[in-house]
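K.L.:
Input: one structure, supplied below.
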Amino acid sequence: MISNLAKPLSKKLLFAMLIVTIGVEVLLYLSRYSYMASSLYDGVMVGSFFIGWKLYRRLASPADPPKRPRQMMMQFTGAFLVFFLGSTVINIYSTNTFQAFSDDYDQYVQDYAETQSFDVNEDEEGAPIDPVWSFFDKVDTIGADLYADTLAGLEEVWRLSYMILFLIVFKKLFPKRWVSGRRDLFLMLSLFLTSILFGVDHTLDTEQPWSIRIGAIVTFANMGLLFGLILLWTRNLWVTVLVHSIYDITATLSWYYIDYAVEYCALGLFIVHMILLSIEKLKHSRLKKKMGTNEPLEISN
């Protein structure tokens, strides 16, 4: 897989990956000053889907057999549950270790929830609003959050692009070690660097004191490490994108729409995972029993 990731890139693809990586970080920083930068950031994230479509095959090995839909579903549910448990541990750790960040984040969630909980059935003067306008106001309120959370999943294209770029650089800088086949260190180093950058990027769009910023970097870097491990474990970019998006969507819903939405989602996926796992085990058991009872076939000349 490492050799496949570090295959040569065309100039067009390299340019596109640089926009998705370094360009996105510049836009994130500028978004604290400019709404246009925020819009450009969203546009680049939408476009990153097509870059991911060019890169996702590099994760798979040609020798790997194609996965059936049930196996793909199990891979997704298992990956989400792993991230849910890991993120829970990270949140507990950050709450107890980085008090300033924890208090600031709680206040942010509370303030954000209050801005989204206004009564859209009345205007500022208390006069009733037309039901059609009220409906679309609610759609805009919810839809903007769901759109942003969906785009957040495409940050995994950013991660994969950065990992590929790092591996290509390591391949050029350390050719002897690369040829010797000892490349796992390069992959782990790429994962570590992208995780740190993931944490830093979550602080670029706002100005914060260092007491809060350090907590944010460590917390989100650990989250990024989890996503990176899921990416390498599943060898499936789109499964990781889906896990990231759904986790962010349910986390946002839990702020002011459905209490414990993340936990409900995790519980539902756990039940689905156990059902699929039971079906797979039953299928393998029946196949093993069938093969054990079959008599050897006679080969005729």
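The values are calculated or read from the model by the stated rules, or taken from the named source; none is laboratory data. Values in this document were obtained by computation on a predicted structure and should not be read as measured data. Positions of Cβ are generated from backbone atoms using ideal geometry, with glycine treated the same way; all protein chains shown enter the neighbour counts. Areas reflect the complete protein model, heavy atoms only, side chains present, ligands, DNA and RNA absent. Shrake-Rupley method; radii C 1.70, N 1.55, O 1.52, S 1.80 Å.
K.L.:
Do you know which residues across region 181-229 are of a type in the set (G, A, S) and either at pLDDT 95 or above or in a helix (DSSP H, G or I) (or both)?
P.N.:
Passing the criteria: S190, S195, G199, S211, G215, A216, A221, G224, G228.
K.L.:
For residues that are outside any helix (DSSP H, G or I) and either farther than 20 Å from L59 by Cα or open to solvent by less than 30 Å² (accessible area, probe 1.4 Å) (or both), tally how many sit in region 1-40.
P.N.:
Residues flagged as outside any helix (DSSP H, G or I) and either farther than 20 Å from L59 by Cα or open to solvent by less than 30 Å² (accessible area, probe 1.4 Å) (or both) within region 1-40 amount to 5.
K.L.:
Between a residue in region 246-268 that is touching a residue at least 12 places away in the same chain (Cβ under 8 Å) and any residue that is assigned to a helix (DSSP H, G or I) and among the charged types (D, E, K, R), which pairs come within a Cβ distance under 6 Å, given they are 6 or more apart or on different chains?
P.N.:
Sorted first by the residue in region 246-268, then by its partner, the pairs are D248/D149; I249/D149; T252/D145; T252/D149.
K.L.:
Output the residue which, of all residues in region 230-276 that are open to solvent by 50 Å² or more (accessible area, probe 1.4 Å) and closer than 18 Å to I90 by Cα, is modelled with the highest pLDDT.
P.N.:
E263
K.L.:
Right, here's the next one. Could you check, for region 104-117, whether at least one of its residues is acidic (D, E), at pLDDT 65 or above and within 30 Å of L9 (Cα to Cα)?
P.N.:
Checked region 104-117: no residue is acidic (D, E), at pLDDT 65 or above and within 30 Å of L9 (Cα to Cα).
K.L.:
Looking only at region 82-101, filter to residues that are buried (at least 16 other Cβ atoms within 10 Å of the Cβ) and of a type in the set (A, V, I, L, M); which one of those is farthest from G199 (Cα to Cα)?
P.N.:
So, considering only residues that are buried (at least 16 other Cβ atoms within 10 Å of the Cβ) and of a type in the set (A, V, I, L, M), the one farthest from G199 (Cα to Cα) is V82.
K.L.:
Please specify each residue of region 179-191 satisfying the condition of being farther than 18 Å from L59 by Cα and of a type in the set (A, V, I, L, M, F, W, C).
P.N.:
Correct list: V179 only.
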